Every structure is written in structure tokens, then in C-alpha cells.
Amino acid sequence: MSNDASPFPNNEARDALVLEFQRVTAKLVSAGLMSRVSSNRLMRAVNVQRTKAEVERQHLPQLILAVLLCIEDGTLTEGTHFIRRDGGVALHLESAAPAMFRAERCRLTVREMRRLFHFGWLHFRDVVRARCERVMFVPNEDRRRTVLLDVEKAYAFVGTRAPGVPVR
């Protein structure tokens, strides 16, 4: 698998890809190279994955918005949950997820957040710049695995404007 980002296709492109896949499996069945049962299983799996990708596409902006709002209102503290870095934010999920859960800002587990950020890294590389970056947190000088978000592009992605004055 390539390390390059693959843009998330729109509805028409996804429909065309599924239709093309269905045509290919139908040709394989008619040629006797694949059974009808295998073709049906493949099509079911494609439709399940397509639905899953659409759900992730809907949940990713909600998660990013929740993270941005938690940073703005002080739910997440700099040096503990995140570090500002290179015009973006390095978010430590293992500490940020419980803080967001306690503040009732997000009900996702660390694993679910990591999965969504991985999806974002695969398809929206301009917003989620890295998914497993080691960053030095100053107080204890410990290195933590973080997710790097480009703040300006994240605000554009979720459809809001960045605040003019930081809120504390």
C-alpha cells in the first residue's frame, strides 16, 4: 500500500466504482471463474465497507470540531493533552480522550478516535498531517505518540472560522 493520500471520492465516483466492480464480478461469474455465491459475498462486503467509510466521513469532522472546541475552551490543556507545533496541534489521544469524555464533549474511546484519525490521514492528509508522530512534551520531557492536526485547515474542514482571540 502506498503512503500517499487518496482523496475521498464523492458519491458519484463511489457509485461508479461499485457499479464497475459489480460488472467485473458478473463477467467473472459468466466466464465460470467465480461462483455466484462468491460474487454475492464480495458485493455485500463492498457495500458494508462503503457504508462504514461514509459513517467515518461523517464522524471525522465532528471529532475534529470537538477537539478544536476543547482546545479553545480549556478542556484540553497545553503541555498535558496537546502541544502547538508548526502551525498545528500535536494531540496526545491517550490523555485527551478521557479528558474530553469527562467533560462530556466526546463519547469516543481512544481506539475509535485513533481509527477516525487514521481515516482522516488516509483521505484528508491536509487536515490530519500525521497519525503516529512522536512529540516531546516539556514538563517531564517524555516523548508521546500524537496526531498532528493543521489547525487552519481543520477549521476549514469542519466549516467554522478560527477564533481571532484565544479563549482561556
Among the listed residues M1, M34, which satisfies the condition of being part of a loop (DSSP other than H, G, I, E, B) and either at pLDDT below 90 or among the polar types (S, T, N, Q) (or both)? M1
Can we say G87 is farther than 19 Å from K153 by Cβ and small (G, A, S)? no
Selection count where residues are within 13 Å of Q22 (Cβ to Cβ) and of a type outside the set (K, R), scope segment 39-68: 7
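Name the residue, out of C132, C106, that is closer than 18 Å to H59 by Cβ and either hydrophobic (A, V, I, L, M, F, W, C) or in contact with a helix residue (DSSP H, G or I) (Cβ under 8 Å, 6 or more places away or on another chain) (or both). Talk me through it step by step, then tell me what you get.
Numbers: C132 fails: closer than 18 Å to H59 by Cβ.
Only one candidate passes the filter, namely C106.
Looking for something loosely packed, with under 15 Cβ neighbours inside 10 Å, more than 24 Å from E112 (Cα to Cα) and either out of contact with any helix residue (DSSP H, G or I) (no Cβ under 9 Å at 6 or more places or on another chain) or not β-branched (V, I, T) (or both) - is there at least one such residue anywhere in segment 71-84?
From segment 71-84, those loosely packed, with under 15 Cβ neighbours inside 10 Å are 72-74, 77-80, 84; that's our starting set.
Within this subset, residues satisfying the condition of being more than 24 Å from E112 (Cα to Cα) are none.
Within segment 71-84 (the criterion being loosely packed, with under 15 Cβ neighbours inside 10 Å, more than 24 Å from E112 (Cα to Cα) and either out of contact with any helix residue (DSSP H, G or I) (no Cβ under 9 Å at 6 or more places or on another chain) or not β-branched (V, I, T) (or both)), the answer is no, since none of the residues qualifies.
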Considering segment 106-145 alone, what residues qualify as being buried (at least 18 other Cβ atoms within 10 Å of the Cβ) and within 22 Å of D73 (Cα to Cα)? C106, L108, M113, F117, V127, V128, F137
Single residue of F82, F101, F119 found to be in contact with an Asp or Glu (Cβ under 7 Å, 6 or more places away or on another chain) and on the phi < 0 side of the Ramachandran plot: F119
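Filter segment 63-92 for residues that are in a helix (DSSP H, G or I) and free of Cβ contacts under 8 Å to residues at least 40 places away in the same chain and give the result.
Restricting attention to segment 63-92, the residues satisfying the condition of being in a helix (DSSP H, G or I) are 63-73.
L69, C70, I71 - these are the residues of segment 63-92 that are in a helix (DSSP H, G or I) and free of Cβ contacts under 8 Å to residues at least 40 places away in the same chain.
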Within segment 118-141, of all residues that are in a loop (DSSP other than H, G, I, E, B) and at pLDDT 90 or above, the one nearest to T80 (Cα to Cα) is V127
Test each condition in (1) assigned to a loop (DSSP other than H, G, I, E, B); (2) surrounded by fewer than 12 Cβ atoms within 10 Å (Cβ to Cβ); (3) under 22 Å from the mean Cα position of the chain (by Cα) for A45 and report the one that comes out false. (1)
Exclusive hit being touching a Phe, Trp or Tyr at 6+ places or on another chain (Cβ under 9 Å) and surrounded by 12 or more Cβ atoms within 10 Å (Cβ to Cβ), set A66, A53, A26: A53
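The values are calculated or read from the model by the stated rules, or taken from the named source; none is laboratory data. Owing to the predicted nature of the structure, the values given are computational and were not obtained by experimental measurement. Here Cβ is always computed from backbone atoms with ideal geometry, including for glycine, and neighbour counts include all displayed protein chains.
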